[in-house]
Amino acid sequence: MHAMHDAPSKNSGPRNAGSWTMLLALTAAFAMSQAFRTVAAILATPLQAEFHLSPQQLGSFAGSFHFAFGAMQMFVGIGIDLHGVRRTILTGFPLAVVGAVLSAVAPNFASLLLGQVLIGVGCAPAFLVCTVFIARHFAAHRFAAISGAVLGLGGVGLLATGTPLAWLVEATSWRMGFWVLAGCSAAAWCLIAWKVHEPRSPEPAPGLPRESLGRAALIFVSLFRLPYTLGIVALSFVCYASFISLRGLWLGPMLIERHGFSLVQSGNVALAVSVLSLVSPALFGRFDPGGATRRRWLLGWTLLTAAIFASMALVRSATFDVAMTLAVGITSGYMVLQYSEVRAAYPAQIVGRALALFTMSMFLGVAVMQWFTGLVASIAKAHGADVYDAVLLTIAAMLLVGAAAFAWLPRAPRPAAKPPGAG
């Protein structure tokens with residue numbers, strides 16, 4: 001895996017402005033990815049009206065992006081390790097533009113789902129290229145802080161799918177929202193093509209062949225031979241999923257149907273949550289305690305988030321629901337600590353694929369949670385139960401299961417273990 005041995009070049013150190021410029025350009029694609037994964041919260045109501053969607057279909061619409069996004073992470077991680085950050089993102093991201101255009105002109109629900117899948121595939125490299133770029137070009141002790149800052153800057157995409165998108169949809173249509181996102185995505189691709197240039201990867205040592213695709217995939221799968229991988233994957237499967245399932249899918253319908261909010265009013269709440277989630281990762285990243293304390297933080301904040309979701313189901317008040325939604329926006333930043341946990345748990349030469357595995361589990365978790373909560377909502381509706389109580393309690397329960405697995409399964413040693421198969 002020669003690419004992970006790339007030493008930062010003379011011009012790629014953390015003090016060099018060029019590294020920051022390239023990272024900011026990469027963050028533009030990540031911001032668009034954030035926008036695409038949260039459009040359902042605002043578009044849910046008009047899409048239900050036009051295509052007569054059930055809650056389960058709505059969950060499938062939101063989850064299809066994340067399923068495609070997560071399923072591609074293994075290939076993205078291999079692509080980054082073998083071909084670099086620039087080639088990987090420039091090759092994949094145009095599919096997001098194609099998917100957005102298809103969604104904008106979709107004549108039926110099946111076409112809309114296909115558009116979401118294409119967007120998910122195109123956006124798959126968006127955040128992973130940022131984290132790998134940080135790991136390669138910035139000092140290790142700054143990884144959490146810089147990753148948190150990137151998560152915060154990428155939150156601009158969340159801001160766009162709050163009040164601005166709600167206003168645009170009310171003034172025009174939901175289709176115009178996809179047209180605008182397609183144009184912004186094309187602009188982000190052009191910015192990356194212009195600004196991001198990596199040093200050439202060194203040739204392998206004499207007598208050693210370049211790593212094959214099959215060998216790269218084998219090493220990716222062999223991460224599961226490390227016993228602590230399952231605990232990391234279990235927690236990552238539910239944490240980010242809880243935030244995105246609320247902010248990216250159920251927030252708008254809950255406020256509109258449960259409390260009588262207008263589309264723009266629900267967009268205002270989504271905007272406020274997005275602002276908080278933009279600031280929160282940078283704060284948690286700056287105060288990363290490391291080691292065993294970081295594990296305790298991850299468990300504690302996960303349990304607190306589960307309690308917030310459960311309380312929203314038990315207290316039926318518009319004011320309380322808005323306040324607790326804002327609280328979720330604040331607590332969501334702790335998830336950046338999971339990236340630091342992954343970086344510390346695996347050897348440097350496989351950290352690209354370890355981060356890809358983590359990202360895969362995170363977004364497959366979003367897909368499963370959005371699909372499953374859609375199924376739960378449909379069952380609750382059929383039996384006359386409160387749809388949103390069922391959804392919120394389901395999210396809380398999934399968070400508790402993930403936290404229990406992280407606590408009880410084997411934990412990563414300190415310092416990190418050797419790579420799978422190493423002598």
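The values are calculated or read from the model by the stated rules, or taken from the named source; none is laboratory data. Nothing here was measured: the structure is a model prediction, and the numbers come from that model. Ideal geometry is used to build each Cβ from the backbone, glycine not excepted, and the neighbour counts take in all protein chains shown. Remember, those area values only see protein heavy atoms, side chains included, never the ligands or the DNA or RNA. Shrake-Rupley method; radii C 1.70, N 1.55, O 1.52, S 1.80 Å.
Within the bounds of the range 262-275, is there any residue that is open to solvent by 40 Å² or more (accessible area, probe 1.4 Å), at pLDDT 90 or above and among the hydroxyl-bearing types (S, T, Y)? Yes, there is a match, as at least one residue in the range 262-275 is open to solvent by 40 Å² or more (accessible area, probe 1.4 Å), at pLDDT 90 or above and among the hydroxyl-bearing types (S, T, Y).
Residues in the range 94-138 that are surrounded by 24 or more Cβ atoms within 10 Å (Cβ to Cβ) and β-branched (V, I, T): I119, V129, T131, V132, I134. Comparison of S64, S147, S60 shows that the only residue that is hydroxyl-bearing (S, T, Y), within 30 Å of Y334 (Cβ to Cβ) and modelled with pLDDT under 85 is S147. Exactly one residue out of S266, S280 is more than 21 Å from V150 (Cβ to Cβ) and of a type outside the set (V, I, T), and it is S266.
One residue is enough: does the range 89-110 have a residue meeting the conditions closer than 17 Å to S185 by Cα, assigned to a helix (DSSP H, G or I) and of a type in the set (S, T, N, Q)? So far as the range 89-110 goes, yes, one or more of its residues are closer than 17 Å to S185 by Cα, assigned to a helix (DSSP H, G or I) and of a type in the set (S, T, N, Q). Tell me, please, whether a residue that is within 25 Å of L271 (Cα to Cα), within 17 Å of the chain's Cα centre (by Cα) and assigned to a helix (DSSP H, G or I) can be found in the range 68-76. Scanning the range 68-76, I find at least one residue that is within 25 Å of L271 (Cα to Cα), within 17 Å of the chain's Cα centre (by Cα) and assigned to a helix (DSSP H, G or I), so the answer is yes. If you go through the range 219-234 and keep only what is under 20 Å from G77 (Cα atoms) and either free of Cβ contacts under 8 Å to residues at least 24 places away in the same chain or part of a helix (DSSP H, G or I) (or both), you end up with I219, F220, V221, S222, L223, F224, R225, T229, L230, I232, V233, A234. Return yes or no: is L304 more than 26 Å from F65 (Cα to Cα) and touching a residue at least 12 places away in the same chain (Cβ under 8 Å)? Answer is yes for this residue.
Taking the range 276-317 as the range and being over 22 Å from the mean Cα position of the chain (by Cα), of a type outside the set (G, A, S) and surrounded by fewer than 18 Cβ atoms within 10 Å (Cβ to Cβ) as the test, the residues that pass are P289, T293, R296, L314, V315, R316.
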